[in-house]
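The values are calculated or read from the model by the stated rules, or taken from the named source; none is laboratory data. Quantities reported herein were computed from a predicted structural model and do not represent experimental measurements. Please note: Cβ atoms are built from the backbone with ideal geometry, for glycine as well, and neighbour counts cover all protein chains shown.
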Amino acid sequence: MGLQQYKMLLLVVTIVSALFVASPAIQQLLLVYPQTTYLTEFSLLGPYHNATYPYNFTVGKNYRLYFDVENRLGSCAYYLIQVKFRNQTQSAPDSFNHTSSNQPSLDSISFFVADKETLELPIDISFQYKLGGNKTELDMQNIILNGTVLKANTLIAWDSQRKGFYGNLFFELWIFNDAINVFQYHQRYVSLWLNMTT
Amino acid sequence: MIKYLKASTSITAIMILFITTALFASPVLADQQSAQTAISSAKNTIKSCYDAVKESEAAGANVDSLMVTLNDAAGLLSKAELAYASNDYHSAYSYATQSKSKLNGFISQATALKETAINNDNQNFTIIVLSIIGSVAILCVGTVAWIVLNRKDRKNLNGSPTV
């Protein structure tokens, strides 16, 4: 073997050895991609863990839904989901103005999610309602969420266009602000239009 | 006389029973004020624990186990608030107290995880520094060897005898 070949071998051995020894540093310093977007993903899934949602609801029947909350904020976060119900004329959250609904919260579900983690929260929901005497209004009396009876007391008028009694069940995501020690609307909500069958 | 004594004993027994019930039943049948205080206290505890978790997480600790406990406490606090809103102060007090007691020893656990994470971080830093130093040393040795071989190669080309 000539000197030229020794030089080539030396070059290869040196580079491979240096890379091997430096691998912990390369792994820690170069292969960590910096996080550029900070957000929370909030989604509602149907009983089969997909976007197939129940639509026609009946009195007393239980429906299972799932919330998925993924934290990409860079640190652990303290969330609150406010459960709200409204008829077609009452206040809804506004996606354009990023404001929450004025409707009172029927229940709150608070929880924590670590950074880069997703939390799935199952909820069981059923409804207690009755048709009004003139049969043009439906009285949504109670919503039962995870076994807890929540007083809804909302009147739903007959929708002549869609031919049904439609109520809107929606869930607003709020986040705890450390600086001022209060929950603030996190500008995310999920909602379901429910056809209340009689 | 005996009848009078029996009646007096019964009255005394009833009074003792009444006083005992009043003394021991007060925390169980909680009023609005004690429920409110318990909820407020549970909220503060959760807030302190949340801060501790954030610190541990920032230090690089795996906070999954802490999250489970914290979520249990948060769930109980939600129940307490709902019960309070429904004027069920007894349940509100009970849930708030349970929420707070779930977090007993939580901050020390979070601190321990944080310290472990800091130690691991220091070890990692040492490994990184050593690997960089080792790598640079290998490159230097390789370069020196390459220079030496290169000089020998030139001498060979100039017709000098090789060793």
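Taking B:LEU66 as the residue in question, decide whether it is crowded, with 20+ Cβ neighbours inside 10 Å, part of a helix (DSSP H, G or I), facing chain A (nearest Cβ under 10 Å) and under 11 Å from the mean Cα position of the chain (by Cα).
Details: crowded, with 20+ Cβ neighbours inside 10 Å: yes; part of a helix (DSSP H, G or I): yes; facing chain A (nearest Cβ under 10 Å): yes; under 11 Å from the mean Cα position of the chain (by Cα): yes.
Criteria met by B:LEU66.
Going by the conditions given, is B:ASN71 among the polar types (S, T, N, Q) and within 8 Å of chain A (Cβ to nearest Cβ)?
Criteria met by B:ASN71.
Quick check on this structure: which one of A:ASN87, A:ASN56, A:ASN102, A:ASN50 is at pLDDT below 95 and closer than 19 Å to A:GLN187 by Cα?
Just a single option satisfies the conditions, and that option is A:ASN102.
Do the conditions hold for A:PRO104, that is, is it surrounded by fewer than 16 Cβ atoms within 10 Å (Cβ to Cβ) and within 10 Å of chain B (Cβ to nearest Cβ)?
On the way: surrounded by fewer than 16 Cβ atoms within 10 Å (Cβ to Cβ): yes; within 10 Å of chain B (Cβ to nearest Cβ): yes.
It is true that A:PRO104 is surrounded by fewer than 16 Cβ atoms within 10 Å (Cβ to Cβ) and within 10 Å of chain B (Cβ to nearest Cβ).
Which of the residues belonging to segment A:111-161 are in contact with a Phe, Trp or Tyr (Cβ under 8 Å, 6 or more places away or on another chain), among the polar types (S, T, N, Q) and under 23 Å from A:HIS49 (Cβ atoms)?
The one that is in contact with a Phe, Trp or Tyr (Cβ under 8 Å, 6 or more places away or on another chain), among the polar types (S, T, N, Q) and under 23 Å from A:HIS49 (Cβ atoms): A:SER126.
Being surrounded by 18 or more Cβ atoms within 10 Å (Cβ to Cβ) and either more than 11 Å from chain A (Cβ to nearest Cβ) or touching a strand residue (DSSP E or B) at 6+ places or on another chain (Cβ under 9 Å) (or both) is the requirement here; does B:LEU76 meet it?
no
Going residue by residue through segment B:87-96, is there one that turns out to be free of Cβ contacts under 8 Å to residues at least 12 places away in the same chain, in contact with a helix residue (DSSP H, G or I) (Cβ under 9 Å, 6 or more places away or on another chain), surrounded by 14 or more Cβ atoms within 10 Å (Cβ to Cβ) and not in a helix (DSSP H, G or I)?
yes
Tell me yes or no: at least one residue of segment A:64-71 is of a type outside the set (Asp, Glu), within 10 Å of chain B (Cβ to nearest Cβ), assigned to a strand (DSSP E or B) and under 30 Å from B:ALA61 (Cβ atoms). Reasoning before the result, please.
Looking only at segment A:64-71, we keep the residues that are of a type outside the set (Asp, Glu), and these are A:64-67, A:69, A:71.
Filter again for within 10 Å of chain B (Cβ to nearest Cβ), leaving none.
Checking segment A:64-71: not a single residue is of a type outside the set (Asp, Glu), within 10 Å of chain B (Cβ to nearest Cβ), assigned to a strand (DSSP E or B) and under 30 Å from B:ALA61 (Cβ atoms).
Can you tell me which residues in segment A:178-192 are touching a Phe, Trp or Tyr at 6+ places or on another chain (Cβ under 9 Å) and assigned to a strand (DSSP E or B)? Step through it out loud before you land on a result.
Looking only at segment A:178-192, we keep the residues that are touching a Phe, Trp or Tyr at 6+ places or on another chain (Cβ under 9 Å), and these are A:178, A:182-186, A:188-192.
Within segment A:178-192, A:VAL182, A:PHE183, A:GLN184, A:TYR185, A:HIS186, A:ARG188, A:TYR189, A:VAL190, A:SER191, A:LEU192 qualify.
I'm trying to understand the selection: among the residues of segment A:153-165, which are in contact (Cβ under 8 Å) with a residue 60 or more places away in the chain and either touching a Ser or Thr at 6+ places or on another chain (Cβ under 7 Å) or buried (at least 18 other Cβ atoms within 10 Å of the Cβ) (or both)?
A:THR154, A:ILE156, A:ALA157
Is segment A:143-152 home to any residue that is aliphatic (A, V, I, L, M), more than 20 Å from B:ALA85 (Cα to Cα), assigned by TED's automatic domain parsing to the domain that holds A:LEU45 and surrounded by 15 or more Cβ atoms within 10 Å (Cβ to Cβ)?
Taking every residue of segment A:143-152 in turn, none turns out to be aliphatic (A, V, I, L, M), more than 20 Å from B:ALA85 (Cα to Cα), assigned by TED's automatic domain parsing to the domain that holds A:LEU45 and surrounded by 15 or more Cβ atoms within 10 Å (Cβ to Cβ).
In this structure, does A:TYR78 turn out to be more than 23 Å from A:LEU39 (Cβ to Cβ) and hydroxyl-bearing (Ser, Thr, Tyr)?
no
Just to be sure, is A:ASP115 within 23 Å of the chain's Cα centre (by Cα) and either within 13 Å of another protein chain (Cβ to nearest Cβ) or basic (Lys, Arg) (or both)?
Yes: the conditions hold for A:ASP115.
Here are B:GLU81, B:GLU57, B:GLU115: which of them is modelled with pLDDT under 95, within 11 Å of chain A (Cβ to nearest Cβ) and farther than 21 Å from A:THR118 by Cα? I'd like the intermediate steps shown before the answer.
Working: B:GLU57 fails: farther than 21 Å from A:THR118 by Cα; B:GLU115 fails: within 11 Å of chain A (Cβ to nearest Cβ).
Selected residue: B:GLU81, the only one of B:GLU81, B:GLU57, B:GLU115 that is modelled with pLDDT under 95, within 11 Å of chain A (Cβ to nearest Cβ) and farther than 21 Å from A:THR118 by Cα.
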